[in-house]
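This report concerns only the one structure given below.
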Amino acid sequence: MNMYSIPGGSLSVVPLPELDKLAHELARERHATFSERALGRAYEEFLARRRTPLGPSRLTADGRDFNNFYELVADPTAGATSLGLRLDPPPPPGTAWEFLRPFERMEFAADGSAEVYPVGGGKPVHAIARFLLREHYLPRTQAEEDRAAGGGVRITLPTQIRSWHEGVAACRERGLLPFSVAILIYYSDERISYEQDLVRSLFLADIRAGRMPAPRQMQRPSRLSWKLDRVIGRGDMPLLAARALAVLVESQGLTSIEMAHIFGGVRETVDSALQGLAARGFASYDGRTGTYRPRLEAFAPPSLVAEAAPEEPTGGSNPALRTSVRELQAAADARASCPLCGDPLPVGTRGILCARCAAEVSAG
């Protein structure tokens with residue numbers, strides 16, 4: 001059994017034979033020799049990319065304890081009504097939680113809502129939760145891979161952002177093996193993304209922790225983050241580009257050098273990802289300063305962009321920018337809707353839910 005060192009102890013790593021066995025049970029004939037080898041390569045590549053751990057996690061479903069997520073997926077009777085994740089033990093409030101909100105455990109309901117329990121006890125906070133697929137393996141045959149390489153249809157997932165209930169179902173139905181996920185918690189005022197390494201059963205520190213000064217962060221409304229997450233959840237951009245876009249949106253702008261420092265990679269690789277975002281209209285590039293800035297209007301309605309804009313740029317103001325912001329503030333937000341019921345949201349609403357759904361979640 002592989003072990004992974006963490007502060008205060010070590011943690012078991014789910015071995016490759018266990019994942020291979022699960023893939024055979026779920027994907028059957030699609031997981032033959034070609035797929036077995038591809039899974040082995042993906043597994044080793046994932047293990048080679050280590051992140052700073054926040055702490056080990058423990059998993060429960062319907063009141064039962066599971067050693068890891070894959071054990072839950074392998075049991076078709078598990079995970080029907082509830083899912084729980086807890087840090088064991090949770091680190092005390094401090095630098096480990098930079099860019100995150102400290103929590104002790106999370107309880108997820110089948111309707112997509114969640115209760116987040118703060119460190120040290122206290123009343124849980126009601127929120128909406130979604131799971132965004134990060135690194136993963138999807139079994140495919142040699143013939144399917146050859147068709148994709150020749151320009152044919154690739155084996156893909158229709159969406160990579162789901163409730164936990166939908167995520168478990170996708171694993172069982174498609175043979176999907178997630179290696180890591182982002183747990184997106186939509187509070188009333190902002191969205192927090194907690195990343196989890198499922199192979200090692202670890203919650204991970206935010207990738208910006210210790211690498212980006214906290215004052216550089218821009219707090220965005222949860223509704224704007226919801227729009228962003230749905231774009232990323234389409235799964236049509238490389239992982240590094242998706243991560244870079246999420247970091248860029250929660251900033252006033254970053255250079256490729258700063259981004260390479262955050263992600264710990266080669267500057268040219270990060271710059272290529274940023275150039276790709278600019279080419280797709282998700283970012284703009286200032287050649288004078290080498291700064292990439294998010295183009296929020298690429299995925300969010302105008303009034304929501306205005307709501308997320310800083311009140312006054314530091315270090316002086318730009319008249320053109322102020323004019324653009326005033327124009328955006330004057331635009332009507334006709335497309336904002338509640339993600340649970342689909343009803344339109346009133347202009348100026350900062351939360352992600354309509355009043356009725358928010359009341360139901362709180363009452364739950």
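The values are calculated or read from the model by the stated rules, or taken from the named source; none is laboratory data. All values reported here derive from a predicted model rather than from experimental measurement. In case anyone asks, the SASA skips ligands and DNA or RNA and just uses the protein heavy atoms, side chains included. Shrake-Rupley method; radii C 1.70, N 1.55, O 1.52, S 1.80 Å.
Numbers at a glance
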{"quantity": "Where region 251-311 is the region considered: accessible area per residue in Å², 1.4 Å probe", "calculated": "47 Å²"}
{"quantity": "log₁₀ of I(q)/I(0) at q = 0.10, 0.12, 0.13 Å⁻¹ - region 186-287, Debye sum with one point per alpha carbon", "calculated": "-0.28, -0.41, -0.48"}
{"quantity": "With every protein chain in place, region 159-313: carbon and sulfur % of accessible area (1.4 Å)", "calculated": "50 percent"}
{"quantity": "Accessible area per residue, Å², region 156-235 with all protein chains present, probe 1.4 Å", "calculated": "32 Å²"}
